[in-house]
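Have a look at the structure below before the remarks.
We did not get these values from a lab; they are worked out from the coordinates using the rules stated. Keep in mind it's a predicted model, so treat the numbers as computed, not measured. Methodologically, a virtual Cβ is constructed for each residue, glycine included, from the backbone with ideal geometry; neighbour enumeration extends over all protein chains shown.
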Amino acid sequence: MTRRAAVVFDCDGVLVDSEPHSVASWLAVLARFGHPATAADIEACIGLGYGPTRHALARLGPLPGPGELWPHLLDALEGSYRRGLVRFADAMAALDACERSGVAVAVASASPRLRLDLTLASAGLATRFPVSVAGDEVAHAKPAPDVYLRAAELLRIDPRDCLAIEDTPIGARAGVAAGMKTVAVVRGHVERAALAATGAVVVEAITLEALGLEE
């Protein structure tokens, strides 16, 4: 694969194994309000970000408004992260390789800024990315390309010279729509065929070859 000037990582599911924390936190918060959603209902929303997820779950039962519900979820996530947030070894190796090779890095997440900052800080990654873009900082959420285009803009690098790394079809479609070469890593909760249908290059792990950084 051609070497790119920048690598833009999704956060949840790519850098860190935060999805189990998210599902558990949503379930704990929803239970407080007597909401009937199941883990499967929440897992179906992975990659959407907070607003669209809350909207989807509100169709299954009444929920407080976005502003009222959000602090409950953020608090539950913080508590869950304190019990241990795992960083994916392949993503950490990729980040290290980018830094050694002088390849710019950024994060483009569907999460709101408060959650993105919490996740990166909890994983010890807050200082590793000079550029990060959150889902509530752009006009349109993934699968629209906005977060990736904004990341490229902040990096001052043409999106066509960036590589996006994702783990969901929603996110992969966003990277492809931004004009970035997109790698979709299979993390176990999404079928390979669904990732491949986005036009992304599907890999079982993030490797130096996938990054174009063979050493």
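Considering only DSSP states other than H, G, I, E and B, which trypsin sites (Lys or Arg not before Pro) in the range 56-99 qualify as loop sites with at most 12 other Cβ atoms within 10 Å? Write down the numbers at each step before the final one.
Numbers: sites: ARG59, ARG82, ARG83, ARG87; in loops: ARG59, ARG83.
Passing sites in the range 56-99 are ARG59, ARG83.
Provide the gained length on full extension for the span GLU153 to SER101, in nm with one decimal, where the gain is 0.36 nm per separating residue minus the Cα-Cα distance. Intermediate results must be reported in sequence, preceding the final value.
Working: separation 52, 0.36 × 52 = 18.72 nm, distance 2.10 nm.
Going from the current span to full extension adds 16.6 nm.
Considering only VAL86, SER111, PRO145, and ranking their Cα positions along the charge dipole of the range 82-168 that arises from unit charges at the beta-carbon of Lys, Arg, Asp and Glu, the one farthest toward the positive end is VAL86.
Counting neighbouring beta carbons within 10 Å and listing from fewest to most, the residues ILE46, ILE206, ILE157 come out as ILE157, ILE46, ILE206. Note on THR127 and ALA58: the extension gain reaches 21.3 nm, defined as 0.36 nm multiplied by sequence separation minus the Cα-Cα distance. Ranked by how many other Cβ atoms sit within 10 Å of their own Cβ, fewest first, the residues ILE42, ILE165 fall in the order ILE42, ILE165. Take every Cα pair under 8 Å whose residues are at least 6 apart in sequence, average their separation, divide by the length of the chain, and the relative contact order is 26 percent.
If each residue's Cβ is checked for other Cβ atoms within 10 Å, how do CYS98, CYS162 rank with the fewest at the top? Show your work: numbers first, answer last.
Details: CYS98 21, CYS162 27.
So the ranking, lowest neighbour count to highest, is CYS98, CYS162.
In degrees from 0 to 90, rounded to the nearest 10, what is the angle of the helix 89-101 Cα long axis to the longest principal axis of the chain? Long axis of 89-101 versus the principal axis of the chain: about 40 degrees. Taking the range 114-150 and a reference point 7 angstrom along Cα→Cβ of ASP75, no backbone N atom is nearer than 11 Å.
Put a plus charge on the Cβ of each Lys and Arg, a minus charge on the Cβ of each Asp and Glu, and nothing anywhere else: the dipole of the chain about its Cα centre is then about 260 debye. Given the alternatives (1) 1.20; (2) 0.98; (3) 1.30, Cα Rg over 2.2 N^0.38 Å as computed for this entry is given by (2). The H on the amide N of ALA108, modeled in the peptide plane, is under 5 Å from the matching H of PHE9, ASP10, CYS11, VAL133, each at least 5 residues off or on a different chain. Label positions at VAL186 and LEU114, each projected 7 Å from the Cα along the C-beta direction, are separated by 3.8 nm.
For the chain, the residue among ALA24, ALA58, ALA196 whose Cα projects farthest onto the positive side of the dipole built from Cβ charges is ALA58.
Beta bridges from DSSP with both residues in the chain: antiparallel share about 5 percent, rounded to the nearest 5.
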